[in-house]
1. Which of (1) open to solvent by 50 Å² or more (accessible area, probe 1.4 Å); (2) touching a Leu at 6+ places or on another chain (Cβ under 8 Å); (3) at pLDDT 85 or above does residue 29 not meet, given it meets every other one?
2. Which members of region 84-100 meet the condition of being touching a strand residue (DSSP E or B) at 6+ places or on another chain (Cβ under 7 Å) and more than 21 Å from residue 10 (Cα to Cα)?
3. For region 47-91, give me each residue that is aliphatic (A, V, I, L, M) and either modelled with pLDDT of 80 or more or more than 25 Å from residue 21 (Cβ to Cβ) (or both).
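The values are calculated or read from the model by the stated rules, or taken from the named source; none is laboratory data. Keep in mind the model is a prediction, meaning the values are calculated, not measured. Positions of Cβ are backbone-derived with ideal geometry, glycine not excepted, and every protein chain shown enters the neighbour counts. Accessible surface is based on the protein model in full, side chains and every heavy atom, while ligands, DNA and RNA are left aside. Shrake-Rupley method; radii C 1.70, N 1.55, O 1.52, S 1.80 Å.
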Amino acid sequence: MIFLTNDIAIENFKKNGLVSKDWIGKFHQKVDDLVIEIEPYTAARKFVESEKKEEHHRTSVVAVDTTFSISSMLLTLMYFTNGTVRKNGAPATQFICAMLSESRNIHAYT
């Protein structure tokens, strides 16, 4: 197996694709607080629609694509999409890493 990435891709993912452990704790506490509100759905909507540009805007979707065969090797790509990072008006998809392997099984991914 061969694993390919670069420092810029990893730093970009850390900057635009991940949230901190501290933020997750604060978010969890906020959700707990919203659940006990008299009108939890209204409170949750206000929280989600708030104009605060906090760290929660760094959340993203990570995808793994294993559909590429290159001669006898398989190419697996990992990328992320963050709705707040835009390119041509649409969410930008950004490369994280690639892996070349001989098989598509659990041993190739562990």
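1. Unmet for residue 29, out of (1) open to solvent by 50 Å² or more (accessible area, probe 1.4 Å); (2) touching a Leu at 6+ places or on another chain (Cβ under 8 Å); (3) at pLDDT 85 or above: (2).
2. The first filter runs over region 84-100 and keeps only residues touching a strand residue (DSSP E or B) at 6+ places or on another chain (Cβ under 7 Å), leaving 85-86, 91-100.
Hits for region 84-100: nothing passes.
3. Once the filter is applied, which keeps residues that are aliphatic (A, V, I, L, M) and either modelled with pLDDT of 80 or more or more than 25 Å from residue 21 (Cβ to Cβ) (or both), region 47-91 yields 61, 62, 63, 64, 70, 73, 74, 75, 77, 78, 90.
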